[in-house]
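Beneath this line is the structure, given in structure tokens, with notes to follow.
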Amino acid sequence: SPFLARAWRGSKSSVRLHRPRPSDSPATGVHRAMLGYRMVALSGVVRRSRPSVAPCRNLSWPWAYSCRGFGSAVGHASQQHGAFSFWNAAADQQASPDERSRAQHEEAISRLAARDLEHAELRSQVGELVTQCSKLTSQVEILTQLLHKSHAGGQHNFLTADHFSGSRDHCDRKVFRPTLEMVANQPTHVSQIGNDALFTLGLQGSHTAHKERLLREIMQVDHCSWEEAHKRLDEMDIYNEKYYWCQSMPYRIGLGMALASAIAGSLMVFYKPVAEAYGTQVAGEDLPEGFKSIADMTTNQVGSWTWTWMEPMIGTASFVLLCFQFARAQAWRLNLSPFTESMIRWRANRLALQYPQYDTAIVRAWGKHLPFVQWNTFPVYRRHLGFKGP
């Protein structure tokens with residue numbers, strides 16, 4: 001700048017430095033003093049090796065004032081703001097190692113703090129692992145006890161349970177007898193059986209197992225107790241047996257016709273009044289020669305006489321039934337459901353559609369079963385059997 005150029009040429013009067021104002025801050029005073037010192041140094045008047053105020057006496061008053069005020073301003077700024085002391089180089093050399101050591105000390109402290117945090121995290125993780133190991137140990141002990149109880153409770157044969165108990169090395173089947181502990185937990189109802197065993201019984205076609213599985217399904221879906229689930233089961237039973245009489249009527253008719261045909265056929269062959277009436281009025285046959293009345297004939301003679309017209313009818317009926325049975329067998333081979341299977345499947349599907357919130361397979365397996373029938377051919381519905389019913 002023109003300001004520095006004039007200072008370099010050694011101009012003494014042309015450069016006018018403003019006097020520091022009393023209102024200036026220490027930092028502003030230092031800036032003004034440094035500027036004055038640099039300008040004087042460029043003009044060759046002041047030497048850096050030994051700065052003093054004396055060389056500034058030959059200068060004009062602004063330069064002299066700037067040189068004299070430089071030291072006081074720098075000292076004041078050093079006291080107030082902790083700046084460098086420009087005039088004491090030895091003090092600067094002594095202060096820098098202290099600052100470096102202080103910085104290294106702070107860095108070491110920060111590293112130690114970070115390591116302490118890492119160690120704390122590791123200790124917390126180790127504590128969690130110890131807690132998990134203790135939980136796993138307790139669970140293994142519980143499973144071991146349950147395994148021993150299952151072996152001793154009858155899920156396996158008693159010989160195996162006695163072997164697991166460790167009472168003796170070898171069990172002789174001839175002298176072995178069950179103990180009271182082995183038979184203490186014997187189930188007395190299907191509700192006391194586990195889910196796996198109940199599922200196995202259901203696959204084997206047990207209606208009691210199907211009923212218990214449906215009860216447990218109701219308990220899970222409706223969040224109710226085992227006793228309360230029976231109310232919904234009774235409701236389902238009422239809906240399922242709505243068309244029971246229509247569905248079972250063909251079987252009832254077939255049962256009645258079979259019994260009536262068996263009784264009537266036996267009477268028409270061997271019973272004298274029935275045989276004589278049917279033979280003379282329907283078949284148009286006369287009594288055998290040598291007999292004026294059927295009362296003179298024995299039972300075997302009556303059977304031989306009536307067999308001449310009863311044999312074609314009985315033989316034809318037997319052949320028709322045999323043909324029906326053969327046709328049903330072929331329908332099974334073709335996977336063509338006869339009336340029974342079709343009716344049962346319709347019952348199950350109808351019940352499953354009415355209660356879609358429950359598992360379809362469980363509902364259908366229970367709905368296929370027809371109620372038990374007493375000796376008078378009247379059914380016993382499921383809702384009349386109570387909690388412990390099949």
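The values are calculated or read from the model by the stated rules, or taken from the named source; none is laboratory data. Owing to the predicted nature of the structure, the values given are computational and were not obtained by experimental measurement. Here the Cβ positions follow ideal geometry from the backbone for every residue, glycine too, while neighbour counts run over all protein chains shown. Only protein heavy atoms, including side chains, enter the accessible area calculation; ligands, DNA and RNA are left aside. Shrake-Rupley method; radii C 1.70, N 1.55, O 1.52, S 1.80 Å.
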- Does residue 241 satisfy the condition of being touching a residue at least 60 places away in the same chain (Cβ under 8 Å), open to solvent by less than 50 Å² (accessible area, probe 1.4 Å), closer than 23 Å to residue 370 by Cα and touching an Asp or Glu at 6+ places or on another chain (Cβ under 8 Å)? no
- Message: Take the residues in segment 341-360 that are open to solvent by less than 70 Å² (accessible area, probe 1.4 Å) and of a type in the set (A, V, I, L, M, F, W, C); name whichever of them is farthest from residue 250 (Cα to Cα).
- Response: 352
- Task: Inspect all residues belonging to segment 269-281 and state whether any of them is surrounded by 14 or more Cβ atoms within 10 Å (Cβ to Cβ), among the aromatic types (Phe, Trp, Tyr) and in a helix (DSSP H, G or I).
- Result: yes
- Query: Just for segment 291-318: of the residues that are open to solvent by 50 Å² or more (accessible area, probe 1.4 Å), part of a helix (DSSP H, G or I) and of a type outside the set (S, T, N, Q), which one is farthest from residue 264 (Cα to Cα)?
  - Reply: 296
- Item | Residue satisfying condition, being at pLDDT below 65, assigned to a helix (DSSP H, G or I) and open to solvent by less than 70 Å² (accessible area, probe 1.4 Å), within set 163, 151 | 151
- Query: Of (1) at pLDDT 75 or above; (2) surrounded by 10 or more Cβ atoms within 10 Å (Cβ to Cβ), residue 99 satisfies all except one. Which?
  - Reply: (2)
